[in-house]
Amino acid sequence: MTEINCDMGEGFGLYSMGDDEALMPLISVANVACGFHASDFNHMRRTVQLARGHGIRVGAHPSLPDLQGFGRREMKMSREELANCIIYQIGALKGFLDAEGMSLNHIKPHGALYGMAAQQEHAAEAICDAADIFRVPIFGMAGTLHETVYQGRGHRLVSEFYADLDYADSGHLVIVRSRGAIDPERAAARALRAVTEGKVASQGGKDIAVRADSICIHSDTPNAIDVLRAVRDAIGPYLPA
């Protein structure tokens, strides 16, 4: 079985991003932005309330402190500074979850932080330092430091597959600052292959091994609703009842 997760609550102030109200009923798990790449206290509270209304589990989606770059630019930070940055954000979201009578489901680093932790040991260790406090699973990618470091530290890895992002020949994600609309049928076919075969074709045409405990769809993809519906239709038999 697999599930579908979505990065959400990524508006800020008067600015909106993604149709969270339309997407929320179609997913299993929401990754809620914690204010450092997107969101603010009002958006966080509303997103948590929206998830509660649909019975959707909520995880924290912490980022590097890069609001202007949407958390998609790498930054040089020590392990201690990164850990403190992550703890700060998760603690803020957990306050809103507590207020709504909900539990923190998981931690899923965002953007460049996610990519750094896949390849840089100090970043992966910093995420574990935060997870040691909150004791919830961490979303990441099998075959990277997410798997070896997180599991080596005693944390449960929920291995993700990205239906709406490309994979490099190295097996790592291709992180872009912004994205246009994508082909829903291509995303659906890639998701189904990831679930049934454990493989995805890289940008260079190489088959990459993947594990799809959870499939991610980004809410800021312009046609995210069409993509999500196509993916759901394709992998329906593998989704929880």
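Here is how the numbers come out for the structure above:
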| item | result |
| --- | --- |
| Verdict on ILE127 being assigned to a loop (DSSP other than H, G, I, E, B), more than 17 Å from ASP213 (Cβ to Cβ), of a type outside the set (Lys, Arg) and out of contact with any His (no Cβ under 8 Å at 6 or more places or on another chain) | no |
| GLY55 vs. criteria modelled with pLDDT under 95 and of a type outside the set (Ser, Thr, Tyr) | no |
| Subset of the stretch 131-162 (residues that are among the small types (Gly, Ala, Ser) and in contact (Cβ under 8 Å) with a residue 40 or more places away in the chain) | ALA142, GLY143, SER159 |
| Residues of the stretch 1-52 satisfying the condition of being modelled with pLDDT of 95 or more and among the hydroxyl-bearing types (Ser, Thr, Tyr) | THR2, SER28, SER39, THR47 |
| Residue within the stretch 152-169 that is of a type in the set (Phe, Trp, Tyr) and touching a His at 6+ places or on another chain (Cβ under 9 Å) present | yes |
| ALA142 being closer than 23 Å to ASP20 by Cβ, aliphatic (A, V, I, L, M) and surrounded by 14 or more Cβ atoms within 10 Å (Cβ to Cβ) | no |
| Residue within the stretch 142-160 that is closer than 20 Å to ARG211 by Cβ, modelled with pLDDT of 95 or more and aromatic (Phe, Trp, Tyr) present | yes |
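The values are calculated or read from the model by the stated rules, or taken from the named source; none is laboratory data. No experiment lies behind these values; they were computed from the predicted model shown. We place every Cβ from the backbone using ideal geometry, glycine too, and count neighbours over all the protein chains shown.
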